[in-house]
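These notes are about the structure you will find just below.
The values are calculated or read from the model by the stated rules, or taken from the named source; none is laboratory data. No experiment lies behind these values; they were computed from the predicted model shown. Here the Cβ positions follow ideal geometry from the backbone for every residue, glycine too, while neighbour counts run over all protein chains shown.
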Amino acid sequence: MTGRLARASLVALLVALGFTVPAPASAATAGAAATSCYGGAVTVHYGDVRDFGPYRTTSRCTDINMRVIGGDADFVWACVQFEKTGVCNRWTKVGWSWTTIATDVLDGTKFTVPNGVDLEGSSATIQIAF
């Protein structure tokens, strides 16, 4: 039996027995889930404040991500400073594409991204997705 035929037979059997069978996720649904993290990104400018935040992580992302979107800086150095520890996790070079600056962060975790580190340029506008 082919995979498609076997699935159809199994679904028919489950329905006949009174079970509800969910429809498979579409590619559009999977794509929307993947982009929802970045869809909630905040935009900030280097030099505006001492630290970006405080922010609280959300269920949109399991990681904290950052990218440069404007200015003349080719990249910036970034870290995440969690309220609980008060220290930066690790310094990461962030350019014009999304870069993870903290991984596997629990929902509701309070954090800041320190501002004021040297830029590779004179200005930068960045986005932070969490």
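Looking across the range 35-74 at every residue that is in contact (Cβ under 8 Å) with a residue 60 or more places away in the chain and among the hydroxyl-bearing types (S, T, Y), the one that is nearest to S122 (Cα to Cα) is identified as Y46.
Among the residues of the range 69-81, which ones are farther than 11 Å from V44 by Cβ, modelled with pLDDT of 95 or more and part of a strand (DSSP E or B)? Listed by number, the list holds a single entry, Q81.
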